Amino acid sequence: MDVTKPGAEDPCRLYLVTPTTADPGFADVLARALDAGDVAAVQLRLKEADDDAWRRAIDALRPVAQSRGVAFLVNDRADLVVGTGCDGAHVGQTDMAATGARKLLGDGFTLGVTCHDSRDLAMAAGEAGADYVAFGAFFPTATKEAPTRADPELLAWWAELMELPCVAIGGITAANCAPLVQAGANFLAVVGAVWQHPDGPAAGVRAMNAAIAAAR
């Protein structure tokens with residue numbers, strides 16, 4: 001994932017988070033989605049999976065993303081990154097401390113940190129070595145229980161003052177993403193807008209990219 005701070009001429013990009021269960025056929029679904037349009041990163045997020053399940057999913061999905069120039073990150077499991085060839089990890093506030101994740105990853109791997117709607121958490125994440133911060137949820141979401149609701153003004157404040165890229169997450173769709181793009185989000189993290197699109201994930205990727213382009 002290229003987490004260099006984009007310039008004004010650079011577009012906001014799509015960041016895909018996988019469903020919490022990835023069946024054996026998901027690799028083909030992911031490939032079709034990634035072939036449909038620009039995607040910066042894929043984050044593998046599994047629920048109640050053991051280490052073997054994580055490793056099997058990584059082995060199946062990581063090559064699909066990386067062969068297309070898409071960064072492959074894992075949710076929470078920073079301990080698995082180095083040994084499995086992943087590009088980095090994303091940690092939440094209740095998962096692993098950013099300082100601990102950075103120590104596990106070392107240099108050269110991407111670290112993202114969930115910061116909810118908090119400026120203080122975001123600044124602390126940057127000080128701890130995060131490569132990007134994630135704010136949200138911006139809209140109601142059925143993916144997971146969101147403890148906070150963020151306002152697009154937070155993205156504008158961050159983009160104006162900070163060099164560290166920011167990701168917007170939480171209930172984002174092609175229909176509602178424009179204010180987030182215009183406020184300065186560098187990446188939009190989505191789940192249902194792609195994987196549950198009525199015409200399939202590839203159509204979801206196309207719709208999100210079209211909406212991002214239109215918003216700019």
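The values are calculated or read from the model by the stated rules, or taken from the named source; none is laboratory data. Just so it is clear, the structure is predicted and the values come from calculations on it, not from any experiment. Because the Cβ atoms are built from the backbone with ideal geometry, glycine has one as well, and the counts that use them run over all protein chains shown.
The numbered conditions (1) free of Cβ contacts under 8 Å to residues at least 40 places away in the same chain; (2) in contact with a helix residue (DSSP H, G or I) (Cβ under 6 Å, 6 or more places away or on another chain); (3) assigned to a helix (DSSP H, G or I) are all true for Asp120 except (2).
Checking the structure you have, find out if any residue of the range 112-124 is on the phi < 0 side of the Ramachandran plot and modelled with pLDDT under 95.
Step one: list which residues in the range 112-124 are on the phi < 0 side of the Ramachandran plot, which gives 112-115, 117-124.
Restricting the remaining residues to those that are modelled with pLDDT under 95 gives none.
No: zero hits.
Looking only at the range 73-98, count every residue that is under 26 Å from Pro147 (Cα atoms) and not in a loop (DSSP other than H, G, I, E, B) and tell me the total. If you could, list the steps in order and put the result at the bottom.
Going residue by residue through the range 73-98, those that are under 26 Å from Pro147 (Cα atoms) are 73-79, 88-98.
Narrowing further to those that are not in a loop (DSSP other than H, G, I, E, B): 73-75, 78-79, 88-91, 98.
Total meeting the criteria: 10.
Residues in the range 145-158 that are touching a Gly at 6+ places or on another chain (Cβ under 9 Å) and part of a loop (DSSP other than H, G, I, E, B) were compared, and the one that is modelled with the highest pLDDT is Ala150.
Based on what the data block shows, is Arg62 touching a Pro at 6+ places or on another chain (Cβ under 8 Å), touching a residue at least 24 places away in the same chain (Cβ under 8 Å) and not in a loop (DSSP other than H, G, I, E, B)?
no
In the range 159-174, the qualifying residues are those that are outside any loop (DSSP other than H, G, I, E, B) and either in contact with a strand residue (DSSP E or B) (Cβ under 9 Å, 6 or more places away or on another chain) or modelled with pLDDT under 95 (or both), and the one that is surrounded by the fewest Cβ atoms within 10 Å (Cβ to Cβ) is Ala159. Would you check which residues across the range 184-216 are surrounded by 23 or more Cβ atoms within 10 Å (Cβ to Cβ), part of a helix (DSSP H, G or I), of a type outside the set (Val, Ile, Thr) and touching a residue at least 24 places away in the same chain (Cβ under 8 Å) and list them? Selection gives Gly204, Met208.
Considering only residues that are among the charged types (D, E, K, R) and in contact with a Ser or Thr (Cβ under 6 Å, 6 or more places away or on another chain), look in the range 10-59 and name the one that is surrounded by the most Cβ atoms within 10 Å (Cβ to Cβ). Walk me through how you get there before you give the answer.
If we filter the range 10-59 for residues that are among the charged types (D, E, K, R), which is where we start, we get 10, 13, 23, 28, 32, 35, 38, 45, 47-48, 50-52, 55-56, 59.
Right, trim to in contact with a Ser or Thr (Cβ under 6 Å, 6 or more places away or on another chain) and you get 45, 47.
On the way: Arg45: 22, Lys47: 9.
Out of the qualifying residues, it is Arg45.
Which of the residues that make up the range 142-158 are crowded, with 18+ Cβ neighbours inside 10 Å and over 15 Å from the mean Cα position of the chain (by Cα)? Once the filter is applied, which keeps residues that are crowded, with 18+ Cβ neighbours inside 10 Å and over 15 Å from the mean Cα position of the chain (by Cα), the range 142-158 yields Ala146, Ala150, Pro152, Leu154, Leu155, Trp158.
Scanning the range 78-93 for residues that are touching a Ser or Thr at 6+ places or on another chain (Cβ under 9 Å), among the aliphatic types (A, V, I, L, M) and over 16 Å from Leu61 (Cβ atoms) returns a single hit, Val91. If the condition is being closer than 15 Å to Cys115 by Cβ and either among the hydrophobic types (A, V, I, L, M, F, W, C) or in contact (Cβ under 8 Å) with a residue 40 or more places away in the chain (or both), then the range 163-179 contributes Leu164, Pro165, Cys166, Val167, Ala168, Ile169.
Of Asp76, Asp95, Asp35, all but one fail to be among the charged types (D, E, K, R) and either over 17 Å from the mean Cα position of the chain (by Cα) or closer than 30 Å to Ala178 by Cβ (or both); the exception is Asp35. For the condition out of contact with any helix residue (DSSP H, G or I) (no Cβ under 6 Å at 6 or more places or on another chain), over 26 Å from Pro165 (Cα atoms) and outside any loop (DSSP other than H, G, I, E, B), what is the one hit in Ala57, Ala27? Every option except Ala57 fails the conditions.
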